[in-house]
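The values are calculated or read from the model by the stated rules, or taken from the named source; none is laboratory data. No experiment lies behind these values; they were computed from the predicted model shown. Note that each Cβ is placed from the backbone with ideal geometry, even for glycine, and that neighbours are counted across all protein chains shown.
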Amino acid sequence: MSTTSTTSELLLAQLSCAGLESHAHPRVLIGGLGLGYSLRRVLELSGPDATVEVAELLPEVVAWNREFLGAVNGTLLNDPRVKVITGDVFEVIRRAGNARYDAILLDVDNGPTSFVQAKNSRLYNRRGFGLISRALKPGGKVAFWSACEEPEFLKSLSYAGFKAGAFPAKAHERAKREAHVIYVATRI
């Protein structure tokens, strides 16, 4: 693991989107809106010509961001670069076609093995990796948030043809330890 550390939402965006501002019209997909911290950082990193799609399964989370989180993250969902998709990120990836995204950020469950929703396992298996790889442009990156270290996950990503690394992350700024892990895989 690397020794780079920051809060997990910011690191998820930083590791997958660093350098995108130099790309012509970068495209990013975020799976899971949450409180919008990853979206805010992606918008900061991706430049004015970016398109950022956010797939959020729960319409209540989208409504909550629009109604109550303006004081926290501004009006992120009103940014003209943002397209909100209320639906399953797996289906967005499955329908994406070839070489669509420069980066995909997945913060949809507790990680590669601890699922709140069993169907999320589709993102972490051979078929899911194949769909993700197909949806990424060459050199594109996918970042997975994980509640804890999953050493076998790096091997799985490598076997699927990705160049992968793991990065520890704190849950919040003042956390004393790095409890979470961001896995980043680059399409070769």
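May I ask you to say which residue of Ile104, Ile30, Ile85 is farther than 27 Å from Leu154 by Cβ, under 15 Å from the mean Cα position of the chain (by Cα) and not in a helix (DSSP H, G or I)?
Criteria check complete, one pass: Ile85.
If only one of Ala13, Ala71 is small (Gly, Ala, Ser) and under 24 Å from Arg134 (Cα atoms), which one is it? Walk me through how you get there before you give the answer.
Numbers: Ala71 fails: under 24 Å from Arg134 (Cα atoms).
That would be Ala13, the only listed residue that is small (Gly, Ala, Ser) and under 24 Å from Arg134 (Cα atoms).
Among the residues of region 2-24, the one identified as touching a strand residue (DSSP E or B) at 6+ places or on another chain (Cβ under 7 Å), modelled with pLDDT of 85 or more and assigned to a loop (DSSP other than H, G, I, E, B) is His23.
A count restricted to region 132-151 and to residues that are of a type outside the set (Gly, Ala, Ser) and under 19 Å from Asp107 (Cβ atoms) stands at 9.
Yes or no: Gly74 loosely packed, with under 13 Cβ neighbours inside 10 Å, out of contact with any helix residue (DSSP H, G or I) (no Cβ under 6 Å at 6 or more places or on another chain) and among the small types (Gly, Ala, Ser)?
no
With the requirement that a residue be in a helix (DSSP H, G or I) and surrounded by fewer than 18 Cβ atoms within 10 Å (Cβ to Cβ), what does region 134-162 give you?
Answer for region 134-162, where residues must be in a helix (DSSP H, G or I) and surrounded by fewer than 18 Cβ atoms within 10 Å (Cβ to Cβ): Arg134, Pro151, Glu152, Lys155, Ser158, Tyr159.
Answer yes or no: is there a residue in region 166-184 that is modelled with pLDDT under 90, over 23 Å from Leu33 (Cα atoms) and surrounded by fewer than 20 Cβ atoms within 10 Å (Cβ to Cβ). Yes, some residue in region 166-184 is modelled with pLDDT under 90, over 23 Å from Leu33 (Cα atoms) and surrounded by fewer than 20 Cβ atoms within 10 Å (Cβ to Cβ).
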